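> One structure, as structure tokens, below. Some questions next.
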Amino acid sequence: MSIGEVTRADVCALAIAECFRDDGEIMVSAMGTSPSLGARLAKSTFEPDLLMTDGFNLLLRRALPLGVKPSDSDVEGWMPFGAVFETLWWGRRHVMMGASQIDQFGNQNIACIGSWQNPKAQLLGVRGAPGNTINHVTSYWVPNHNARALVAKVDMVSGVGYDRAAELGPKGSRFHEIRRVVTNLGVFDFNTPDHRMRLVSLHPGVDLQQVVDNTGFELVIPDGVDTTPVPTPEIIGVLRELDPQGYAQKEVVV
Amino acid sequence: MTDKRMTVDEAVAEVSDGMTVGIGGWGSRRKPMAFIRALVRKGVKDLTVVSYGGPDIGILCATGQLKKAVYGFVSLDSIPLEPHFRKARQNATLEAVELDEGMFLLGLRAAAQRLPFLPTRAGLGSDVLEINPHIKTVRSPYDDGEELVAVPALNVDVAFVHMNRADALGNGQALGRDPYFDNLFCMAAKKAFMSCEKIVSTDELVSGGPLQSLLINRMMVSGVVETPGGAHFTECPPDYGRDEKFQREYAATAKDEAAWNAFRAKYLEVSESEYQKAVAS
């Protein structure tokens, strides 16, 4: 695509980057293509103090384009898995994970479809989702917003949502925060009295009914829903540098 | 001091039916695959495997030797979900203990420290506690009174790990950029065995990398085996990367009984040296 053309994937990448605004000097772990791009955009522009790895064990001093292997001069530190666990228990981390299912309180499932004992489909398993969500800030990315992904009840709670966190009381839940959910249709948060998911903004070209029809629970819809900001030409330039192959363009369903 | 050199088959002779086996490495990274292949040859059954799982769990699922898997995940990395494990789970032929990845680490640490459990917040509020009713919570005895998950120790009978280098005494060196938790697997076990790409003199071992790479000391292991290519087809940097082509071939056998039988005959019902020859050709 040309530099001047702004796509839904670009809007999503900026919306993802905005999840990390004001995070400062903490580690961001962004799982998947668009989250990786968005996090790198944040680090390249308004949130330079973020710490990010190569996805393996190196902390990198700058955001590299997707698919580019770091050279020695890109490295600033060491983050093997043992240190990742220490960091996440320490709480200085913001993770953006995917969600095969997510419900109105932000409970996330990446483990299985059907009962866990006898799954219709085994997915990734809970991986680090339980520990991540109870220890530090979490956001989610859903590239294909539909009623099978945004569901009334998830089949297995991998990442902990606000209702489950509330049951733990103020001590157990004090490090729990689900900052935002970004999908291919809009941006959502949980800034409501009972922490139900709220529509924050619709991406340009998406109408409210489309979101309602593709969500398996009742969203909180405030008066006067915003439109998700469109990246400036300067931001588009950075995005093209960070994703020259257009991986994120292929991921986002329009 | 004791020369602990032995063969893979001598090492797996320590494993009998129904035992709990700890496997080092991570996903499809530096897995002690020569030991896994030896376990297949031995035909030992009803095993419980404790692992940050990869093809170790997948192969033992496919051969029907695995009764129970205790894991933080089971992945081939470039293939996010281990296909033989997926099949076993969806056919409900495997008993599974699925833990948060960090809970798994604390279970290993508890075993290594001879503690019954270690506390953590990880798991609170999630269905990990629902699917694992044996895992209980504990209340802090201090003023905070916080309720935490008491991750039970992951004690194992025999552990297997693979290093880049070792000496004949059982000192082992991981030259890759991530040590994973192989030292804890050894300490969580009654007996541990280490394979390596190359056995060298202690002098060469110490000068062959930074001191921090000497992850395993000789107290931790009962036997050392030189198995060049012993982590194949998983990665073992800097000696070799993952054999992605071979891994794809392996993964495809989960959907094709005939292909699995052919794979098994060619690569698993042969000695380690025949395996390495078959892979090289």
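> Based on the Kirkwood radius over alpha-carbon pairs, what is the Stokes-Einstein translational diffusion coefficient of segment A:8-251 at 25 °C with 0.890 mPa s viscosity, in µm²/s? Before the final figure, lay out each step's value.
Values: Rh = 18.3 Å.
Estimated diffusion coefficient is 134 µm²/s.
> On to the next question. Each residue of segment A:180-191 in order: what ³J(HN,Hα) in whole Hz does its phi give by Karplus 6.51 cos²θ - 1.76 cosθ + 1.60, θ = phi - 60°, with x for Gly and Pro?
For segment A:180-191, the Karplus-derived couplings read 7, 10, 10, 10, 6, 10, x, 10, 9, 9, 10, 7 Hz, x marking Gly and Pro.
> List, in order, the whole-Hz ³J(HN,Hα) value for each residue of segment B:5-10 obtained from phi through the Karplus relation with A = 6.51, B = -1.76, C = 1.60 and θ = phi - 60°; use x for Gly and Pro.
Calculated HN-Hα couplings, in order: 5, 7, 9, 4, 5, 5 Hz.
> May I pose another question? Normalising by the residue count of segment B:76-175, find the relative contact order in percent from Cα pairs under 8 Å and 6+ residues apart. Walk me through the numbers on the way to the answer.
Numbers: 110 pairs, mean separation 23.1, N = 100.
Normalised by residue count, the contact order of segment B:76-175 is 23 percent.
> Counting only residues 5 or more places away or on other chains, whose amide H sits under 5 Å from the amide H of B:GLY208 once H atoms are built in the peptide plane?
Long-range HN contacts for B:GLY208: none found.
> Then there's this: Among A:ALA99, A:ALA166, A:ALA121, which one moves the most in a GNM of chain A with springs linking Cα atoms closer than 10 Å?
Its mean-square fluctuation being the largest, the pick is A:ALA121.
> So what's segment B:1-41 giving for Cα Rg divided by 2.2 N^0.38 Å, two decimals? List each step's numbers first, then the result.
On the way: Rg = 11.7 Å, N = 41, 2.2 N^0.38 = 9.0 Å.
Dividing the Cα radius of gyration by 2.2 N^0.38 Å gives 1.30.
> Out of the DSSP beta bridges found with both residues in the protein assembly as shown, what percent are antiparallel (nearest 5)? Spell out each step's value before the answer.
Numbers: 30 of 82 bridges.
For the protein assembly as shown, the DSSP antiparallel bridge percentage is about 35.
> Hey, what do the phi angles of segment B:179-191 turn into as Karplus ³J(HN,Hα) couplings, whole Hz, using 6.51/-1.76/1.60 and θ = phi - 60°, x for Gly and Pro?
Rounded to whole hertz, the list is x, 6, 10, 4, 4, 5, 4, 4, 6, 7, 9, 5, 9.
> I'd like the distance between the alpha-carbon centres of segment A:163-213 and segment A:96-113, rounded to an integer number of Å.
Their Cα centres are 12 Å away from one another.
> Run through every distinct alpha carbon pair of segment B:78-235 and return the Kirkwood hydrodynamic radius in angstroms, one decimal place.
Working: mean 1/r = 0.0563 Å⁻¹.
Answer for segment B:78-235: a Kirkwood hydrodynamic radius of 17.8 Å.
> What is chain A's relative contact order, in percent, from Cα pairs under 8 angstrom and six or more apart in sequence? Could you put the intermediate results ahead of the total?
Details: 533 pairs, mean separation 56.8, N = 254.
Computed value for chain A: 22 percent relative contact order.
> How large is log10 I(q)/I(0) at q = 0.06, 0.09, 0.12 Å⁻¹ when the Debye formula is applied to the Cα atoms of the protein assembly as shown, each weighted equally and without solvent?
-0.30, -0.68, -1.17
> A further question on this structure: Search the structure for amide H atoms under 5 Å from the amide H of B:ALA159, placed 1.01 Å from N in the peptide plane, and list their residues when 5 or more places away or on another chain.
Under 5 Å from the amide H of B:ALA159: B:GLY22, B:LYS191, B:ALA192, B:PHE193.
> What relative contact order, as a whole-number percentage, does chain B give when Cα pairs under 8 Å and 6 or more residues apart are counted?
Values: 623 pairs, mean separation 58.1, N = 281.
Here the relative contact order equals 21 percent.
> Can you give the calculated 222 nm mean residue ellipticity of the protein assembly as shown, where each DSSP H run of n ≥ 4 adds -39,500 (n - 2.57) and the sum is split over every residue, rounded to the nearest 500 deg cm²/dmol? Provide the component values of the computation, followed by the final result.
Working: 20 runs with 156 residues, N = 535.
Helices in the protein assembly as shown give a 222 nm mean residue ellipticity of -7500 deg cm²/dmol.
> May I pose another question? Counting DSSP beta bridges with both partners in chain B, what percentage is antiparallel, nearest 5?
On the way: 13 of 45 bridges.
Antiparallel bridges: around 30 percent, rounded to the nearest 5.
> Under 5 Å between amide hydrogens, which residues at least 5 positions from A:GLY186 or on another chain qualify, with H placed 1.01 Å from N in the peptide plane?
Sorted by chain and number, the residues that satisfy this are A:HIS203.
> While we're looking at this one, here's another question. Gaussian network model of chain A, Cα springs within a sub-10 Å range: biggest mean-square fluctuation belongs to which of A:GLN104, A:GLN117, A:GLN209?
Comparing A:GLN104, A:GLN117, A:GLN209 in a Gaussian network model of chain A, the most mobile one is A:GLN117.
> Mind grabbing the base-10 log of I(q)/I(0) for chain B at q = 0.08, 0.14 Å⁻¹? Debye formula, identical points on the C-alpha positions, no solvent, two decimal places.
For chain B at q = 0.08, 0.14 Å⁻¹, log10 I(q)/I(0) is -0.32, -0.97.
> Taking chain A as a Gaussian network, Cα atoms linked when under 10 Å apart, which of A:ARG196, A:ARG127, A:ARG93 shows the biggest mean-square fluctuation?
A:ARG127
Since every read-out is calculated from the coordinates, none of them should be taken as a lab result. Everything quoted here is computed from the prediction, not taken from an experiment.
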